Amino acid sequence: MARALAALAGREFDVLVVGGGITGAVTAWDAAQRGLSVALLERGDFGGATSAQSLKVVHGGVRYLQHLDIVRVRESSRERRALLRIAPHLIHPMAFVVPAYGHGMRGPEILAAAFTLLNTLTADRNRGLTDPARRVPRAGVVSRTRVLQWFPELNQEGLTGAGVFYDGQMFNPSRLVWAMVRTAARAGAAVANYCDVSALLLQGGRVAGVRAEDRLNGEKFEVRARTVVNAAGPYAEALLVRSGVRASRSVPFSRDMALVLKRQFVNGRALALQTRYRDPSAVLTRGARHLFMVPWRGKTLVGVNSLIWRDEPDSLRVTEAEVSDFVAEIAEADPKLGLTMDDVALVMAGLLPVEKGDEKTGDVSFGKRPLVVDNAKTDGVQGLVSAISNRYTVARGVAERAVDLIYHKLGREVRPCRTEITRIHGADFFRFDDLVREVADALPKGVDRSIADRLARDHGSAYGEVLRLAGERPELAVTVGGTDTLRAEVVHAARSEMVCKLSDAVFNRTGIATAGDPGVAELEECADLVAAQLGWDSARRASELREVRDRIPFRRS
Ligand SMILES: Cc1cc2nc3c(=O)[nH]c(=O)nc-3n(C[C@H](O)[C@H](O)[C@H](O)COP(=O)(O)OP(=O)(O)OC[C@H]3O[C@@H](n4cnc5c(N)ncnc54)[C@H](O)[C@@H]3O)c2cc1C
């Protein structure tokens, strides 16, 4: 699948979507599936910005219960169900364990009462989910003995049990975005990465399309469209300012940070840690704010740490001192972990628009709901809609509302949205366990069968695209160095998955560098494979490698 640049010229689209994160990708898919003509432009790589930086949790609503925000509990539960249904290879249920202490606000009785309410509010959480492995169990309380079997290192003083609730876990958020982009293209959308929308085209108070630049060759071009969805994430308001729609940026950001830790501190279940910071907006506060340690790809994710960010989004950065403070906060919450900076494999950070923040305490309110903004009402621009997802989890629902509004803007009868029930590219299978067995049986001789599970998660029922290539070229039927990724996956990505840069291949289409530094030899090997496929000379290969290495923090080698 190549960038659809030719298809962008000489026509007027019903809707043009700016930004190929999860919000833009699912918006483009939704609109194309409902029958609109759609263009999707992404200035970097699909799913490479905020959407790649997540803690990988598909929220089921429990965090909103604490705030007695029933609407958001229901919304999250619905979106978790939708994602488990439409992308069952990339999402699976994950248990989250919250240790209980004493018999007061932190005790098991309060948790049991809260979970009874949660189970009632989310009684339809498994409707339409046919694979037993993707069904979400009831939340409940377990005994002190049981929680100590799971986590023997827990602080035992006053421990009275634990609450267990279930969220979804994304195996690979960037591949989920890519699968949505492919599904959008299959439904007829013209999609291209590395196309920067420099400004909106405005005519007589209406949006008429966009002015864009191909970042790979510097060519400037225009794309005509009757309506535009601004799904540029943290860059959305900057586009309005550049286009003269707004005078200046008005919304501050929450800069969220999460870490990938090299060691597997938790196994099979995620664990809540209490820090000394309080959540100021919680109604039912159980004391200090929680961090979560989540098992993922044999490592541990931990987050989220938030602070108010008022600078331009392009200047997003995290200093080594800030990471060090965060590591100290985690280490203080559980000294037995013995956590140090050497445990940090990768720092993930991104910006989310927020309503209000308290700079003194560093607490950031997430009171703002995901938004679909009619820019005719807010800015007097007809035909322009902004789609803002403050969580990856809710992007599908945000897109649904944005496309409904686009139909109104176009003056057409709204066609029903089907993204809640339509399986995305790679999701054509009944049971995930059967798919893994099928993949294992199809692996070329000599390939370790233990990679079947990972291959099935990343590619789903489309695994044959990779294995066909491995069959044709046996030199690709081996893993890249010590990773669990086949060389064939890297070449397939460069050949058929719109990879334009080495970083696209190692961070977004494969999991090679998503959990930290894979090693010098492994990156060199990937660079050779991508360079051969895309015809790079040695200077280009070297600069691509440098760019990738610069994104891996605190690299010592
Ligand atoms: C550390 C961290 C942890 C998180 N954990 C979770 C979690 O566990 N669960 C959860 O549900 N959510 C989580 N989130 C939130 C979630 O990641 C975001 O809400 C979501 O990814 C936002 O997606 P988006 O598509 O709106 O934005 P983005 O992913 O940022 O996409 C916007 C896209 O627009 C492109 N763009 C910008 N300007 C232009 C332009 N002019 N022309 C063309 N393209 C443009 C950008 O390159 C970008 O790719 C987390 C966020 C962070 C930072």
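The values are calculated or read from the model by the stated rules, or taken from the named source; none is laboratory data. As the structure is a prediction and not an experimental result, all values here were calculated from the model. Counting neighbours? That spans all protein chains shown, and the Cβs are built from the backbone with ideal geometry, glycine included. Heavy atoms of the whole protein, side chains included, go into the accessibility calculation; ligands, DNA and RNA do not. Shrake-Rupley method; radii C 1.70, N 1.55, O 1.52, S 1.80 Å.
Of the residues making up the stretch 343-354, at least one is part of a helix (DSSP H, G or I), more than 26 Å from VAL62 (Cβ to Cβ) and either touching a residue at least 24 places away in the same chain (Cβ under 8 Å) or open to solvent by less than 20 Å² (accessible area, probe 1.4 Å) (or both). Considering every residue within the stretch 495-512, establish whether at least one is part of a helix (DSSP H, G or I), more than 26 Å from VAL344 (Cα to Cα) and touching a residue at least 60 places away in the same chain (Cβ under 8 Å). Yes, the stretch 495-512 contains at least one residue that is part of a helix (DSSP H, G or I), more than 26 Å from VAL344 (Cα to Cα) and touching a residue at least 60 places away in the same chain (Cβ under 8 Å). Counting only residues that are away from the ligand (no atom under 11 Å from the Cβ) and surrounded by fewer than 22 Cβ atoms within 10 Å (Cβ to Cβ), the stretch 210-226 holds 10 of them. Return a yes/no flag: does the stretch 227-250 have any residue that is in the same structural domain as LYS377 (by TED's automatic domain parsing), touching a Lys or Arg at 6+ places or on another chain (Cβ under 8 Å) and away from the ligand (no atom under 14 Å from the Cβ). Within the stretch 227-250 (the criterion being in the same structural domain as LYS377 (by TED's automatic domain parsing), touching a Lys or Arg at 6+ places or on another chain (Cβ under 8 Å) and away from the ligand (no atom under 14 Å from the Cβ)), the answer is yes, since at least one residue qualifies.
Residue-wise test of (1) assigned by TED's automatic domain parsing to the domain that holds ALA270; (2) surrounded by 13 or more Cβ atoms within 10 Å (Cβ to Cβ); (3) of a type outside the set (D, E, K, R); (4) part of a strand (DSSP E or B).
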residue	(1), (2), (3), (4)
LEU301	yes, yes, yes, yes
LEU307	yes, yes, yes, yes
VAL318	yes, yes, yes, no
ALA321	yes, no, yes, no
LYS336	yes, no, no, no
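Can you tell me which of ASP30, ASP14, ASP45 is within 24 Å of ASN172 (Cβ to Cβ), in contact (Cβ under 8 Å) with a residue 12 or more places away in the chain, of a type outside the set (S, T, N, Q) and not in a loop (DSSP other than H, G, I, E, B)? Just one listed residue meets the conditions, ASP30. Quick one: in the stretch 26-76, of everything that is open to solvent by less than 10 Å² (accessible area, probe 1.4 Å) and among the β-branched types (Val, Ile, Thr), which residue is farthest from the chain's Cα centre (by Cα)? That would be VAL38. One residue stands out in the stretch 399-435 among those that are of a type in the set (Val, Ile, Thr) and open to solvent by 30 Å² or more (accessible area, probe 1.4 Å): the one that is farthest from GLU75 (Cα to Cα), namely VAL414.
The residues of the stretch 126-163 that are open to solvent by less than 10 Å² (accessible area, probe 1.4 Å), among the β-branched types (Val, Ile, Thr) and over 16 Å from VAL58 (Cβ atoms) amount to a single one, VAL147. Given the structure, is ASP196 open to solvent by less than 60 Å² (accessible area, probe 1.4 Å) and in contact with a Gly (Cβ under 7 Å, 6 or more places away or on another chain)? So ASP196 does not fit the description; no.
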